[in-house]
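Working notes, structure below.
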Amino acid sequence: MSTSPDLQIERLPDLTDPILILAWEGWNDAGESASTAAQYLIQQHGTGPFASIDPEEFYDFTEARPMARYHRGERIIVWPRTEFVHLRARPGARRDIVVGLGIEPHYRWRRYLAAMSELVDVIGAKLVLSMGAVASGAPHTRPVHVSGSANNSQLAERYNMHPSRFEGPSGIVGVFHDHCRRRDVGGVSLWASVPHYLPGITNPVGAQALLRVVGDMTDLRLDLEPLDRAIQRFHAQLEEALSENPELREYVARLEAAAPEPAAPEAQSQGGAADLPSADALIEDLENFLRGRQESDN
């Protein structure tokens, strides 16, 4: 079913005018918000992976290590492949949804794009919707802002967005959307702006914000209550950390007072946190505190 040496298709679902929703872990995934949102969609509605991109040509396995797991009493190795999952459609849905989740490749991006393109062609997707998350100067006490851009003028008008005009280093999201544009495949890129002082901690607030927009743009009806509970725990842990660290509490208060307007998504996605106030020591303390709390909850 596939001519690409890297794309493996186990079975092809019966799809109607599908939308392909994508998220990549890595540079485009501050606070793991985008990958968390994709995992949530798969856990809530997924029917199991039907296709994947083999990792061998694309990853440094000392950076994206395979994981040992126990399954039915047997130890197995899970490789960091990009997987594609068909979501269960609700009755009366006009379009099917396929979710792709992987890690931003380290090597051979053009070869990776060829495998992605074949997947798009095989399933017949005319619209690609990517989720990303970027570090911003907004404090965690403010709602997460989600902005978007489109890769053609028709989609920009439909969703009241704009084509990206960014110039500079790009992640896999920007490269893939440009690749889609050149092949006349429509693409919308969504970006959640999460606090820059929480870059290495899973941020369910950013994930929920992305999912709300995805739900509005598709036929998906999402039950976000489990994420609501995760957000309550997340904020409780943050408040505990702030109560024990006056310097961090003052730092967040300064961000609240500044209350910057959200930057354009393409500017944020290329490392916009570099111009934000430095608080490296405070960030390390906070990350260590929250990571310990999250590990104890698991």
task: For the range 184-202, name all the residues that are open to solvent by less than 40 Å² (accessible area, probe 1.4 Å) and within 24 Å of Thr141 (Cα to Cα).
output: Leu190, Trp191, Ala192, Ser193, Val194, Pro195, His196, Tyr197, Leu198, Gly200, Ile201
query: Is at least one residue of the range 80-88 in contact with a Ser or Thr (Cβ under 7 Å, 6 or more places away or on another chain) and exposed (fewer than 14 other Cβ atoms within 10 Å of the Cβ)?
result: yes
- prompt: Only one of (1) open to solvent by 70 Å² or more (accessible area, probe 1.4 Å); (2) in contact with a Lys or Arg (Cβ under 9 Å, 6 or more places away or on another chain); (3) assigned to a loop (DSSP other than H, G, I, E, B); (4) at pLDDT 90 or above fails for Ile77. Which number is that?
  reply: (3)
query: So, of the residues in the range 42-64 that are under 23 Å from Thr202 (Cα atoms) and open to solvent by less than 20 Å² (accessible area, probe 1.4 Å), which turns out to be farthest from the chain's Cα centre (by Cα)?
result: Tyr59
- request: Give just the number: which of (1) open to solvent by 30 Å² or more (accessible area, probe 1.4 Å); (2) more than 20 Å from Gly200 (Cα to Cα); (3) among the small types (Gly, Ala, Ser) does Ser130 not satisfy?
  value: (1)
query: Looking at (1) open to solvent by less than 10 Å² (accessible area, probe 1.4 Å); (2) under 19 Å from the mean Cα position of the chain (by Cα), which is the one condition that is false for Asn151?
result: (1)
message: I'm trying to understand the selection: among the residues of the range 2-36, which are open to solvent by less than 30 Å² (accessible area, probe 1.4 Å), assigned to a loop (DSSP other than H, G, I, E, B) and among the polar types (S, T, N, Q)?
response: Ser4, Asn28
query: What is the one condition in (1) more than 18 Å from the chain's Cα centre (by Cα); (2) of a type outside the set (A, V, I, L, M, F, W, C); (3) open to solvent by 60 Å² or more (accessible area, probe 1.4 Å) that Gln39 does not satisfy?
result: (1)
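Does the range 55-77 include one or more residues that are out of contact with any helix residue (DSSP H, G or I) (no Cβ under 8 Å at 6 or more places or on another chain) and closer than 26 Å to Asp223 by Cβ?
no
Of all the residues that make up the range 137-147, how many are touching a strand residue (DSSP E or B) at 6+ places or on another chain (Cβ under 7 Å) and either open to solvent by 10 Å² or more (accessible area, probe 1.4 Å) or closer than 11 Å to Ala209 by Cα (or both)?
First pass over the range 137-147, keeping only residues touching a strand residue (DSSP E or B) at 6+ places or on another chain (Cβ under 7 Å): 138-140, 144-147.
Filter once more, keeping what is either open to solvent by 10 Å² or more (accessible area, probe 1.4 Å) or closer than 11 Å to Ala209 by Cα (or both): 138, 140, 144-147.
Number satisfying all stated conditions: 6.
Does Ile103 satisfy the condition of being hydrophobic (A, V, I, L, M, F, W, C), more than 22 Å from Arg221 (Cα to Cα) and open to solvent by less than 50 Å² (accessible area, probe 1.4 Å)? First the steps, then the outcome.
Values: hydrophobic (A, V, I, L, M, F, W, C): yes; more than 22 Å from Arg221 (Cα to Cα): yes; open to solvent by less than 50 Å² (accessible area, probe 1.4 Å): yes.
Yes: the conditions hold for Ile103.
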query: In the range 149-205, what residues are hydrophobic (A, V, I, L, M, F, W, C), at pLDDT 90 or above and in contact with a helix residue (DSSP H, G or I) (Cβ under 8 Å, 6 or more places away or on another chain)?
result: Ala150, Ile172, Val175, Phe176, Cys180, Val185, Val188, Leu190, Trp191, Ala192, Val194, Val205
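The values are calculated or read from the model by the stated rules, or taken from the named source; none is laboratory data. Worth saying up front: this structure is predicted, and the values here are computed from it rather than measured. Glycine gets a Cβ as well: all are built from the backbone with ideal geometry, and neighbour counts include every protein chain shown. All accessible areas refer to the heavy atoms of the entire protein, side chains included, with ligands and DNA or RNA removed. Shrake-Rupley method; radii C 1.70, N 1.55, O 1.52, S 1.80 Å.
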